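Just below is one structure, and these are the notes that go with it.
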Amino acid sequence: DEDANLLVDGHHDRPEDIVYCQKCLAAFMQRCSNFERQVIILLHQGASIAEIEEKLGCDERKIRSALTRSRRKLIAELRQKY
């Protein structure tokens, strides 16, 4: 019964969707600079902009610019077909 519910539950991703997302994320992270990756990882771990500033020793403007650039890269990657 439990497995049958998984088949009809729309909240579970299809395996091909998971693979697609993993490929996109891997390609996206390769496109990012080292600084952009550091910012993304820290943000993903729950750090605030202020905490990232302190940890990386840079100002808010530089962090927000890195996030804007990386967001564009992610959108471009998601628009590509695999």
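No value in this document is a laboratory result; all are computed from the given coordinates. Here the structure is a predicted model, which means the values were calculated and not measured. When we count neighbours, we look across all protein chains shown, and the Cβ atoms used for this are built from the backbone with ideal geometry, even at glycine.
Here are a few things to note about the model shown:
- Once the Kirkwood radius over Cα pairs is known for the stretch 23-82, the Stokes-Einstein relation at 20 °C and 1.002 mPa s delivers a diffusion coefficient of 181 µm²/s.
- Residues of the stretch 24-43 with amide N under 17 Å of a point placed 7 Å along Cα→Cβ from L56: 28-43
- Dipole axis of the stretch 10-82 (+1 Lys, Arg; -1 Asp, Glu on Cβ), positive-most option in L42, S70, C58: S70
- Per-peptide packing, taken as the mean over residues of other Cβ atoms within 10 Å, places 44-50, 23-29 in the sequence 23-29, 44-50 from highest down.
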